Amino acid sequence: MRIRPVGAHALLLDCTLPADTPEAVADIPEATLVEAWRAELWRRRERGDLIAVEIVPAARSVLLDGLPDPTTTTEQLTRWAPAVTAAITRPHRADPRANPKVAAHAHAAHAHAAHAAHAHAAHAHAAHAAHAHGDDAHADIEPGAEADNDAQHAAELRDTTTEDGADDAADVFVPVTFDGPDLAAVAEHWGVDVPAVRHRLTSTRFRVAFCGFAPGFPYLTGLPAEMALPRLATPRPRVPAGSVALAGPYAGIYPSASPGGWLLVGRTDLVLFDVTADPPARLGPGTTVRMVAA
């Protein structure tokens, strides 16, 4: 992880793995590192350990904006890094049976539950160059207090992280009609038939890695790397709102009509962005998503 200043009150955490990364961490996808940091930073902010106006994940980085003291925050991030690494490299990470909470969550996976999105998720697509910082005072931190709690906090992370790195939170179920014009093309790319494509998409537990491109557009991770797909050679001038699409390693859902070059596999009536709602974005970073055949 590299930490770089962005202006006077922001930091960028670069989660790209360097060439000399230790073997225990080298095979961790960058998306997993980004999500681990996003979740940790949101937890720290909720606990009062971190003061930040915006925590914005992207494909390989996390932006923290509205920091009263970036130098102090840099020191905090360095101290928190071991707990984040420990949480995503623990031996039982891939085995849901090692965590009773995971097993219970698996049995309840088909229950439709309300999702509480975070207040800043709707703006993850935008540049955050201008924030009102006001007179927020930097919280006093007793020297050594955070270090004393790091081991306990790492254990908490291990206990509340599922087999794919997800928090124990309810999935958002998205009803999808799988009739997209590119379904056959996706099947050909994957070397399967169309029913197998539908099965793959409905059996995958997706996660919103970040939002971008358009307000409320979720980039969903969860598909194996070998199933990455090329974009269309020529983008469509208009993709209907609610279109469920695939491109690269991601799945996505168009919240509004717009041009787009992703492969369209279906459509949903779920409203993804509503300026009158709080928060406006239905699927914010960290949200786990299940597609259900409509």
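The values are calculated or read from the model by the stated rules, or taken from the named source; none is laboratory data. Remember, predicted model here, so these are calculated numbers, not experimental data. Here the Cβ is made from the backbone with ideal geometry for all residues, glycine too, and neighbour counts use every protein chain on show. To get the accessible areas, we keep the full protein, side chains included, count just its heavy atoms, and leave off ligands, DNA and RNA. Shrake-Rupley method; radii C 1.70, N 1.55, O 1.52, S 1.80 Å.
Here the Karplus relation 6.51 cos²θ - 1.76 cosθ + 1.60, evaluated at θ = phi - 60°, turns the backbone of the stretch 59-68 into coupling constants of 5, 9, 8, 9, 9, 10, 10, x, 8, x Hz, with x for every Gly and Pro. The largest accessible area among 238, 47 belongs to the first residue in 238, 47, and the rest follow in falling order (1.4 Å probe, all chains). Here's how it looks for residue 289: its modeled amide H is under 5 Å from those of 172, 206, 207, 208, which are all 5 or more places away or on a different chain.
Taking a ≥ b ≥ c as the square roots of the Cα gyration tensor eigenvalues, with a/c under 1.5 meaning rounded and otherwise prolate when a/b beats b/c, else oblate, which class fits the stretch 173-256? Verdict is rounded for the stretch 173-256. Peptide packing for 255-264, 187-196 was compared via the average number of neighbouring C-beta atoms within 10 Å per residue; ordered from the highest value, the list is 255-264, 187-196. Placing a pseudo-label 7 Å from each Cα along the Cα-to-Cβ vector at residue 47 and residue 271 gives an inter-label distance of 3.7 nm.
In order along the stretch 46-51, phi translates into HN-Hα couplings of 5, 7, x, 6, 10, 10 Hz, rounded to whole numbers, per the Karplus curve 6.51 cos²θ - 1.76 cosθ + 1.60 with θ = phi - 60° and x for Gly and Pro. Does the stretch 200-294 come out rounded, prolate or oblate, given a ≥ b ≥ c as the square roots of the eigenvalues of its C-alpha gyration tensor, rounded meaning a/c under 1.5 and, failing that, prolate meaning a/b above b/c? Taking the square roots of the gyration eigenvalues as a ≥ b ≥ c, the stretch 200-294 is oblate.
With a 1.4 Å probe and all protein chains in place, put 273, 178 in order of accessible area, largest first.
273, 178
A cut-off of 5 Å between modelled amide H atoms, ignoring neighbours fewer than 5 places along the same chain, links residue 272 with no other residue.
Would you kindly state how much longer the chain becomes between residue 72 and residue 6 on full extension, computed as 0.36 nm times their sequence separation minus their alpha carbon distance, in nm to one decimal?
Length difference between fully extended and current span is 22.3 nm.
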